[in-house]
Amino acid sequence: MTDAPARHRRSGPAADQPPASGESPLARLIHIRELSIVLVTIAAAIYFSLTSGPGFNTVNNYQTIAQYLAPWAIVAAGEVMLLICGEIDLSAGFVFTLSPFVLILFVNNYTPLPLALLATLVVCALIGMTNGLIHTRLKIPSFITTLGMAFLLWGLSLIISNGSPVAAPSGSWVTNVFGGWRWSELLWCLVVVAVMQMVLSTTRFGIFVKAVGGNPVAAAESGIRTARVKVISFAIVSTLAGLAGILQGIRVGSFDPTNGGFNTMFFAVAAAVIGGTALLGGSGTVIGALFGALLLGLVYDGFNLTGISANGFYVVLGVAILVAMALNVYLARLRGRLNAAARRRHE
């Protein structure tokens, strides 16, 4: 995704510029990148509350929705960082699949569970670093690099597991924290989203990520180590994908080699895109990805409750992605015009 000529990239996306003082309330609302996805999510929640019967607004159903959105949002929180860099990781879903079996390997070799969890996440980070180094050193597009890694990890998952589910560890405070409690997966999701949004919005690394995606040539000329930023972003995606896989497996009670895969990866990317992250890089929001995952969870759950065929969900997903992309492009241009008009007024 970095093969696009640099001259087509803007050094600073207008969509991420703060609103100028003195703008109307409507103009200020337009500058809120997450506004559109929040409004659509609220509308979907109201719609399914009215059409799905009393079963929708129950604690058990809220838990079901949380179980849908949590893994998608956790993986999406990492994919957002990479998409803003102008890259993508197609192997994240298979890191999700592999990480529980790596955990089992450590546990079976008499590693205490807390250390086994930490070691597993380190392995996941190393997988991401490998993706990043192959991409940055060998100049292989991230799409091809991570596609090859996806099949490699898929094969490893099947070999390690012998193609069969394995019982997850249980009966420990560690397992309760990492997915055993009914709401722990959602709490981990919210913590991850909050931390990653802070990293993106308030740290120098977040500024570097946006600069690399907005104009890699200008970023490199200004002293930013663009390759290092990308490698770290790849490592973040893989680490979060591994965490999500462990959380889900412990919640379910078994590690299944058929979980995750391209399905989880595409839902995560869809959540990021629907939430306002630009596929060409330079701008995005982790909070938006959370609402994108929530919207997908609401629609998936609502379809099940109303008896609509699950096949129709993919139609809605495709339409949502296309509409979200079109809306994001339109709002980005509108924000740019508003910023330009504000600058002219001040001049």
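The values are calculated or read from the model by the stated rules, or taken from the named source; none is laboratory data. These figures come from a predicted structure and were not determined experimentally. Glycine gets a Cβ as well: all are built from the backbone with ideal geometry, and neighbour counts include every protein chain shown.
If we only count helices (runs of 4 or more DSSP H) wholly inside the stretch 4-90, which ones have 3 or more residues that are modelled with pLDDT of 90 or more and polar (S, T, N, Q)?
Numbers: elements: 25-30, 35-51, 59-84.
Those helices (runs of 4 or more DSSP H) span 59-84.
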Go through the stretch 91-109 and count every residue that is without any contact (Cβ under 8 Å) to a residue 12 or more places away in the chain and either in a helix (DSSP H, G or I) or crowded, with 24+ Cβ neighbours inside 10 Å (or both). 1
I need the full set of residues from the stretch 295-328 which are surrounded by 13 or more Cβ atoms within 10 Å (Cβ to Cβ), modelled with pLDDT under 80 and in a helix (DSSP H, G or I), in order please. Phe313, Val316, Leu317, Ala320, Ile321, Val323, Ala324, Met325, Leu327, Asn328
Residues (closer than 14 Å to Leu133 by Cα and among the aromatic types (Phe, Trp, Tyr)) located in the stretch 217-257: Phe234
Of the residues Gly132, Gly179, Gly171, which is within 18 Å of Met265 (Cα to Cα), small (Gly, Ala, Ser) and either without any contact (Cβ under 8 Å) to a residue 40 or more places away in the chain or touching a Lys or Arg at 6+ places or on another chain (Cβ under 9 Å) (or both)? Gly132
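Considering only helices (runs of 4 or more DSSP H) fully contained in the stretch 188-281, which possess at least 1 residues that are out of contact with any helix residue (DSSP H, G or I) (no Cβ under 9 Å at 6 or more places or on another chain) and over 20 Å from Leu296 (Cα atoms)? So that I can check it myself, show each step before the final result.
Details: elements: 204-214, 216-221, 226-252, 261-274.
Helices (runs of 4 or more DSSP H) meeting the threshold: 204-214, 216-221.
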